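Undergrad: Quick one: structure below, then a few questions.
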Amino acid sequence: MVAPVVYAGWMSVFREQSSGLGFGGVERTFAGLANYSAVLADPEFRTSFLHVATYCVLYIPVMIGGALGLALLVDSTYARAKRFFQLAFFLPHAVPGLIAAIIWIYLYTPGLSPVIEWIDGAGGSWNFFSPANSLSSMVNIAVWQWIGYNMVIFFAALQAVPREVIEAATVDGAGAWRIALGIKVPIIRSSVVMTVLFTCVGAIQLFTEPRLLSDKAQALGNDWSPTMYIVSKAFIDQDYASAAAASLLLALVAGALSFVVTRIGKRWQES
């Protein structure tokens with residue numbers, strides 16, 4: 001795990017230059033922090049973080065809230081066929097992200113998608129690839145794939161809630177909503193914090209969904225997210241030094257984000 005980071009750090013402080021018309025070979029020179037400065041000065045790199053931040057503002061509350069709500073429903077005393085619903089909600093996570101994105105691109109494409117036909121038949125109109133809707137289309141794919149996985153984590157945590165506590169609250173006259181929000185959710189706070197942490201770290205590395213949608217959605221360029229920017233620098237511009245510097249900056253941001261989420265979660269658990 002350490003070796004790739006060390007190698008990326010070594011690459012990020014050098015720059016390759018061709019002499020003359022390129023017939024003199026490539027010369028590698030020490031550049032210090034110049035690659036980092038160049039990447040930070042690039043507005044496309046900074047904008048890619050704003051794109052992911054906007055994505056997180058929409059994606060994380062919907063996914064975490066939805067997964068927690070589904071887990072509470074399945075854990076309620078009124079729920080039936082709990083095993084079936086656990087499996088049904090978890091199945092989308094078993095589909096690889098690439099395959100899931102291809103399936104959703106089919107469902108989003110006019111002329112192919114039955115969803116578009118239904119919307120048109122109902123007198124509506126919706127373009128999943130338009131600049132105004134491309135973000136929500138991407139969030140929809142990610143929520144579909146991850147909500148069941150996190151629901152299973154929350155449901156497993158709910159199984160550890162002492163049943164005598166719930167029975168005592170029921171005897172005291174607490175309703176289902178009060179038991180769910182006032183007793184169960186506070187008890188599983190550590191699981192909620194862990195899930196939010198993993199979701200944030202995963203979201204900042206977003207690549208597959210915007211990369212595949214970018215072929216149809218013109219608003220999603222080749223450098224929409226930080227990871228797309230890194231891949232574009234490395235394999236389109238052939239600028240491996242800048243790609244390495246951007247990779248380490250992304251890792252630094254992910255580490256800082258993890259620290260902030262952990263600190264906020266720790267305060268919530270202690271409150």
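Undergrad: Does GLN238 satisfy being assigned to a helix (DSSP H, G or I) and either open to solvent by 90 Å² or more (accessible area, probe 1.4 Å) or over 27 Å from GLU27 (Cα atoms) (or both)?
TA: no
Undergrad: Let me ask something additional. From PHE259, PHE198, grab the single residue that is in a helix (DSSP H, G or I), within 30 Å of GLY32 (Cβ to Cβ) and of a type in the set (Phe, Trp, Tyr).
TA: Of the residues listed, the single one that is in a helix (DSSP H, G or I), within 30 Å of GLY32 (Cβ to Cβ) and of a type in the set (Phe, Trp, Tyr) is PHE259.
Undergrad: Has the stretch 219-234 got any residue that is out of contact with any Lys or Arg (no Cβ under 9 Å at 6 or more places or on another chain), of a type in the set (A, V, I, L, M), loosely packed, with under 15 Cβ neighbours inside 10 Å and without any contact (Cβ under 8 Å) to a residue 24 or more places away in the chain?
TA: Among the residues of the stretch 219-234, not one is out of contact with any Lys or Arg (no Cβ under 9 Å at 6 or more places or on another chain), of a type in the set (A, V, I, L, M), loosely packed, with under 15 Cβ neighbours inside 10 Å and without any contact (Cβ under 8 Å) to a residue 24 or more places away in the chain, which makes the answer no.
Residue-by-condition table, conditions (1) out of contact with any Cys (no Cβ under 7 Å at 6 or more places or on another chain); (2) open to solvent by 40 Å² or more (accessible area, probe 1.4 Å); (3) over 21 Å from PRO131 (Cα atoms):
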| site | (1), (2), (3) |
| --- | --- |
| LEU33 | yes, yes, yes |
| GLU44 | yes, yes, no |
| TYR55 | yes, no, no |
| TYR59 | yes, no, no |
| ILE64 | yes, no, yes |
| ASP75 | yes, no, yes |
| ARG80 | yes, yes, yes |
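Undergrad: Can you tell me which condition LEU112 does not meet? The list is (1) open to solvent by less than 40 Å² (accessible area, probe 1.4 Å); (2) in a loop (DSSP other than H, G, I, E, B); (3) among the aliphatic types (A, V, I, L, M), and all the others hold.
TA: For LEU112, the exception is condition (1).
Undergrad: Which of the residues spanning the stretch 176-201 are open to solvent by less than 40 Å² (accessible area, probe 1.4 Å) and of a type in the set (Gly, Ala, Ser)?
TA: ALA180, SER191 - these are the residues of the stretch 176-201 that are open to solvent by less than 40 Å² (accessible area, probe 1.4 Å) and of a type in the set (Gly, Ala, Ser).
Undergrad: Report whether or not ILE204 is modelled with pLDDT of 90 or more, more than 15 Å from the chain's Cα centre (by Cα), of a type in the set (Val, Ile, Thr) and buried (at least 18 other Cβ atoms within 10 Å of the Cβ).
TA: Criteria not met by ILE204.
Undergrad: Based on this model, can you work out whether ALA142 counts as part of a helix (DSSP H, G or I), in contact with a Lys or Arg (Cβ under 9 Å, 6 or more places away or on another chain), open to solvent by less than 70 Å² (accessible area, probe 1.4 Å) and not polar (S, T, N, Q)?
TA: When the stated conditions are applied, ALA142 does not pass them.
Undergrad: Within the stretch 68-81, does at least one residue satisfy the condition of being aliphatic (A, V, I, L, M) and closer than 14 Å to VAL143 by Cβ?
TA: Yes, that holds for at least one residue.
Undergrad: Among all residue pairs at least 6 apart or on different chains, which show Cβ distances below 9 Å where the first residue, located in the stretch 251-266, is touching a residue at least 40 places away in the same chain (Cβ under 8 Å) and the second is open to solvent by 60 Å² or more (accessible area, probe 1.4 Å)?
TA: Once the first residue is touching a residue at least 40 places away in the same chain (Cβ under 8 Å) and sits in the stretch 251-266, its partners that are open to solvent by 60 Å² or more (accessible area, probe 1.4 Å) give ALA251/VAL5; ALA254/GLN205; GLY265/SER190; GLY265/MET194.
The values are calculated or read from the model by the stated rules, or taken from the named source; none is laboratory data. Every value quoted in this text rests on a predicted model; they were computed, and no experiment measured them. Reconstructed Cβ throughout: ideal geometry from the backbone, glycine too, with neighbour counts over all protein chains shown. With ligands, DNA and RNA removed, areas are computed over all heavy atoms of the protein, side chains included. Shrake-Rupley method; radii C 1.70, N 1.55, O 1.52, S 1.80 Å.
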